[in-house]
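Input: a single structure, listed below in structure tokens.
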Amino acid sequence: MGVEVAVEGLTKSFGSQKIWQDVSLTLPRGEVSALLGPSGTGKSVFLKSLIGLLRPEEGSIVIDGTDILQCSSKELYEIRKLFGVLFQDGALFGSMNLYDNVAFPLREHTKKSESDIRKIVMEKLEITGLIGAEDKLPGEISGGMRKRAGLARALVLDPEIILVDEPDSGLDPVRTTYISQTLIDINAEIDATILIVSHNINLARTVPDNIGMLFRRHLVMFGPREVLLTSEEPVVKQFLNGTMIGPIGMSEEKDEATMAQEQAMVEAGHHAGGVDDVEGIVPQMRATPGKPERQAVARRQARVREIMHTLPPNAQEAIRESMVENPSDYATGSYDQGGYAYDEQDTQVIPAYRGAGDQNYEQG
Ligand SMILES: Nc1ncnc2c1ncn2[C@@H]1O[C@H](COP(=O)(O)OP(=O)(O)OP(=O)(O)O)[C@@H](O)[C@H]1O
Ligand SMILES: [Mg+2]
């Protein structure tokens, strides 16, 4: 069963370079969350901070009641056993074949027999589509296969928290969907808390219960998927549609002149790229038929119902629509369909980008 990860006021710099500041979010127990953001915004740094590989200067990361920024190294070692992590580069041992790579955490952290280990390793290789490749060295397989082997290794200890850094990078679109389905199925089977770091718009739209976005050293938003997927916030909207029009540019800072020039080109008929006809909410992926129901679904509905009045009107409407379409998800408790006031003071979603000293991008 997954555990909650509560991050409060987290700030991380390397020397004089501030990566992000004052990041607060909670990964609810057993839910699937995704962290989005343009390249270089510090998503991987955030993920490494959660397992204590990097040390933010300020803030707290409370996991299972322990603040990993304050605890002893022995406590941190114990907390780390809760995690299964897929690093962005796969981080496989180059001199070990795939079988030994995937078996490594079991040999290191458990006293299981080799025959028990074999059962687990082969099962994880099967769900990641790697049967037949177990004798290959990482250098002998494709980038996508390395990625899947990294995921297989992240899963062998049945972790309570699973962090995956760009599970889709190097994968073709079909395998990306298979990996997405695998993550949902794993969540259904072991109720682990999952954080996926990704650039992939399809994955972001269909997999997570919650979505967050990093941009220009801040967490722009974090909240239920319906909030981000219906957001009018320019940076969120641009990212989810993958278009050139908006505050995100090729380099970190995009100035007003560039934005005006791009807008003029589009008005003159130039295609801004992206998929601008995808608006609003597409259905979330579900566990494969025959797998257990995701326990997180009912918990999340109860949680969302409680914060409903704090959510923006678009998100409230989307949630109400999905209640009509998937009544079984909302079967418990009565639900008032009446009007909800959007209370900005009380909101758990950070409604606006708070870019200190940033003139280029101001919430209107
Ligand atoms: N160990 C480190 N020492 C110094 N700077 C680092 C270190 N790790 C990351 N950085 C810097 O932190 C910034 C954020 O890097 P990070 O890898 O987290 O970005 P990202 O959002 O994961 O990008 P991408 O989507 O391309 O993977 C970058 O400017 C990077 O150079
Ligand atoms: Mg990264």
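Rule-based calculations on the coordinates, nothing more; no lab input. Being a predicted model, the structure only gives us computed values, none of them experimental. We place every Cβ from the backbone using ideal geometry, glycine too, and count neighbours over all the protein chains shown.
Odds and ends about this structure:
- Put simply, when 38-51, 85-98 are sorted by average Cβ atoms within 10 angstrom per residue, most first, you get 38-51, 85-98.
- Cα-only Debye scattering, the range 128-221: base-10 log of I(q)/I(0) at q = 0.19 Å⁻¹: -0.95
- With Cα atoms, 0 to 90° folded angle of helix 98-109 axis to the chain main axis: 80
- Across the chain, the relative contact order, built from alpha-carbon pairs under 8 Å that are at least six residues apart, equals 19 percent.
- Only Lys, Arg, Asp and Glu carry charge here, each on its Cβ (+1 for the first two, -1 for the last two); on that basis the chain has a dipole of about 1220 debye about its Cα centre.
- Amide H to amide H distances under 5 Å link N97 with no residue, where only residues 5 or more positions off or on other chains count and H is placed in the peptide plane.
- Legend: ranking of residues L53, L36 from fewest to most surrounding C-beta atoms inside 10 Å; resulting order L53, L36.
- Only alpha carbons enter this Debye calculation for the chain, each as an equal point scatterer, and the log10 of I(q)/I(0) it gives at q = 0.12 Å⁻¹ is -0.95.
- In this structure the amide hydrogen of R294, modeled in the peptide plane, comes within under 5 Å of the amide hydrogens of A287, none closer than 5 places in sequence on its chain.
- In loop segments of the range 30-130 as defined by DSSP, the GluC sites (Glu not before Pro) with at most 11 further C-beta atoms inside 10 Å of their C-beta are E57.
- 5 angstrom amide H check on V220, placed H, neighbours 5+ away: M213, L214, F215
- What the Cα convex hull of the range 1-79 gives, in volume per residue, is 91 Å³.
- When each of H309, H270 is scored by the number of other beta-carbon atoms lying within 10 Å, the sequence from fewest to most is H270, H309.
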